[in-house]
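Let me begin by presenting the structure, written as structure tokens, before commenting on it.
Every read-out reported here was derived from the displayed coordinates using simple, explicitly stated rules and does not represent laboratory data. Remember, predicted model here, so these are calculated numbers, not experimental data. Glycine also receives a Cβ, built like all others from the backbone with ideal geometry; neighbour counts cover every protein chain displayed.
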């Protein structure tokens, strides 16, 4: 007959109690985990918008469309989603030809985990994927107006199609870089990663400012400040600058506070309209007004998806 | 009996550490758990008791689910399997592992009681409790980290679970030493 002291019995009972409580805790955690994981699961990829202006591609002398505008369209999908985007269409503009790929060429893709085959940046249960989109226009030389793209049809490698994707607004404008007005002598331009960009031009002629505009500027109102001389860009009409004077334009792009807006891409090239001494009006384009998010955090993506109503 | 503890020690070792050669793993976990089963059987030969029989039963579940897990791994990338529930299958093996080790230690405690070594049985009741608490924490932390899928957190959890396995191995080594001295 084995005698067991009461002390040992109590100890053993306590161990069983710990085991029992532990099993209950594990079961509760498992239920919560599965619940959270299924809540966080996306039913379909969520495309991020971008508000971008790009010079419209022109054909070269031989008529080849070798000058293409490139965009990046970003989307968030479940980390285990192995499909890739392989084609894109803009149904509003039949004259447009477009191609899309998720595999990088010439460093066009910014994130790539080398140890996995699926492209994109892994963030918790999600993956942020960059699709390089090349857009070209047939007979671009005949077009003299801005083209605005807001919706796209996106094709995935498994045959799935995502209809009516809201891409934000992409504006293709006739490339005016070749015939820049000759009223300015470029002095300096400076940009920094904190969103501040400065351009200074020396004037070769007397000019009078008319306005600064871009159809996308209203999208940026809350986080973009542009000053021309010392004035806000909305308040420059009638400002006069004389020959040999300096025109300084400064812009500050603040990271948007809104959890949704801060995830999007921005790159605008507003037009400064002015008159020369003879009263002819011209356009000067302001560059380097862009913002693009690079690092992502899991919570930030969850907040974004909630704001978009996808979770 | 020392042969039994030795087998359990090496079984746990094999189940924890394996060499990965390309897509195949040399010594997948279920082989380790099968060696543990032979260890449990050795122990039963010397001192058959209910906890050890139960440990054997849990071990069979463990072998089955690890084998299933290895098959799933072998068939292809686990990331491609969409059913959510499958990503939690390591929880099942960890729970059976917890129950099995709990019962192996309990069986040993009963043996010490049988041979009237109360001091030893007391010592291993404390070891049993420490192990139980550590393994439960490990499983819950694993659940949390695999839900948020934070790589740093997941690595930390894996290291923690390996430390718990080492704790079991040290316990088995200790038991083997004790029965050798008996």
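Computed extension gain for residue A:310 through residue A:258, at 0.36 nm per residue and net of the alpha carbon distance, reaches 17.1 nm. Relative to the dominant Cα principal axis of chain B, helix B:29-46 is inclined by about 10°. Separation of segment A:197-237 and segment B:115-182, taken as the distance between their Cα centroids, equals 67 angstrom.
Could you compute how fast chain A diffuses translationally, taking Rh as the Kirkwood radius over C-alpha pairs and applying Stokes-Einstein at 10 °C with viscosity 1.306 mPa s? Give it in µm² per second. Answer from the Stokes-Einstein relation: 68 µm²/s. Label-to-label distance for residue A:189 and residue A:99 is 2.9 nm, based on points extended 7 Å past Cα in the beta-carbon direction.
Normalised by the number of residues in chain A, the mean separation of alpha-carbon contacts (under 8 Å, six or more apart) gives a relative contact order of 17 percent. Treating r as the C-beta distance of residue A:163 and residue B:73 and R0 as 45 Å, the FRET efficiency rounds to 0.75. What would the Debye formula give as log10 I(q)/I(0) at q = 0.16, 0.23 Å⁻¹ for the alpha-carbon point model of segment A:168-207, no solvent? Log10 of I(q)/I(0), two decimals: -0.68, -0.93. With the cut-off at under 18 Å, measuring from each backbone N in segment A:181-199 to a point 7 Å along the Cα-to-Cβ line of residue A:206 picks out A:183-184. Translational diffusion of segment A:215-311 was estimated from the Stokes-Einstein equation, with Rh taken as the Kirkwood radius over Cα pairs; at 10 °C and 1.306 mPa s the coefficient is 100 µm²/s.
With neighbours defined as other Cβ atoms within 10 Å of a residue's Cβ, the residues A:287, A:266, A:294 order from fewest to most as A:294, A:287, A:266.
Seen against the Cα atoms of chain B and their longest principal axis, helix B:2-16 is set at about 10 degrees. Run through all the Cα pairs of chain B and give the fraction in each 5 Å bin from 0, expressed as whole percent. Pairs per bin, as whole percents: 1, 8, 16, 21, 20, 14, 9, 6, 3, 1, 0. Relative to the longest principal axis of the Cα atoms of chain A, the long axis of helix A:6-40 makes an angle of roughly 30 degrees. In segment A:119-200, the ratio of gyration radius to Kirkwood radius, Rg to Rh, stands at 1.09 when only Cα atoms are counted.
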